[in-house]
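Q: First, the structure itself, so that you have it in front of you.
The values are calculated or read from the model by the stated rules, or taken from the named source; none is laboratory data. Remember, predicted model here, so these are calculated numbers, not experimental data. For neighbour counting, all protein chains shown are included, and Cβ atoms are generated from backbone atoms with ideal geometry for every residue, glycine included. Calculation scope for accessible area: heavy atoms of the full protein, side chains included, ligands and nucleic acids excluded. Shrake-Rupley method; radii C 1.70, N 1.55, O 1.52, S 1.80 Å.
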Amino acid sequence: MTLTDLTNSVEGNKPEPSVVDIGQVLVEVLKQAVSQGRITLGGFECAEVLETCPEQVMLCILPKVSDSDTMINIQHKLIEAHCWENDVNVVKVDSAEKLVSLLTTPDKNSNIDRTQDFSSILIGFPVDEMSSDDYQMTKYSYLFQDNQLDVIPLPD
């Protein structure tokens, strides 16, 4: 699914050729955030950042979990509420496993390992200026606030 497809479907226009794959944009945003050290992983750590400095958070990413995982679902609802209360953009992704795989791929700029908690992820604003991917992801996240979209499919 692409940003153009989503915008057109929301506006009622006929779909045009895809311009941006939003799942790939999110991957690029994650890679940039990891390399720049502006990523926070884990429910407790995310809650702490949202409590102390929510104005520094650009995006909250929550992976889809099964309905039977009550503790993570409650944690997501609380983090989501805190984000909305503080005007932090929230997006949901289709798979925690894909997210872990993307973030733990060996990279010279990454020190993330598979033992960390990936139940909630915060991405802070860049120190300099937002990249085009950051901007597109922020723009796309507004569709979640209107409940027009459910989850972002991450690439395999």
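Q: Sort out which residues of the stretch 42-63 are over 15 Å from LEU30 (Cα atoms) and in contact with a helix residue (DSSP H, G or I) (Cβ under 7 Å, 6 or more places away or on another chain), and write them in order of number.
A: GLY43, CYS46, ALA47, LEU50
Q: Identify, from the list ASP69, ASP117, the residue that is of a type outside the set (Ser, Thr, Tyr), more than 25 Å from LEU143 (Cβ to Cβ) and in contact with a Gly (Cβ under 8 Å, 6 or more places away or on another chain).
A: Going through ASP69, ASP117 in turn, the sole match is ASP117.
Residues checked against (1) on the phi < 0 side of the Ramachandran plot; (2) acidic (Asp, Glu); (3) in contact (Cβ under 8 Å) with a residue 12 or more places away in the chain:
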{"position": "GLY42", "(1), (2), (3)": "no, no, yes"}
{"position": "ILE61", "(1), (2), (3)": "yes, no, yes"}
{"position": "LYS64", "(1), (2), (3)": "yes, no, yes"}
{"position": "SER68", "(1), (2), (3)": "yes, no, no"}
{"position": "ALA81", "(1), (2), (3)": "yes, no, no"}
{"position": "LYS92", "(1), (2), (3)": "yes, no, yes"}
{"position": "SER101", "(1), (2), (3)": "yes, no, no"}
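Q: Moving to a separate point now. Tally time: how many residues in the stretch 21-40 are on the phi < 0 side of the Ramachandran plot and not in a helix (DSSP H, G or I)?
A: So the count comes out to 4.
Q: Identify, please: which residue in the stretch 84-95 is closer than 21 Å to VAL27 by Cα, of a type outside the set (A, V, I, L, M) and at pLDDT 90 or above and is, among those, farthest from the chain's Cα centre (by Cα)?
A: ASP94
Q: Quick one: how many residues across the stretch 102-126 are at pLDDT 90 or above and open to solvent by 30 Å² or more (accessible area, probe 1.4 Å)?
A: The number of residues fulfilling the criteria is 1.
Q: Name every residue in the stretch 51-101 that is touching a Leu at 6+ places or on another chain (Cβ under 6 Å), surrounded by fewer than 20 Cβ atoms within 10 Å (Cβ to Cβ) and hydrophobic (A, V, I, L, M, F, W, C), in order of residue number.
A: none
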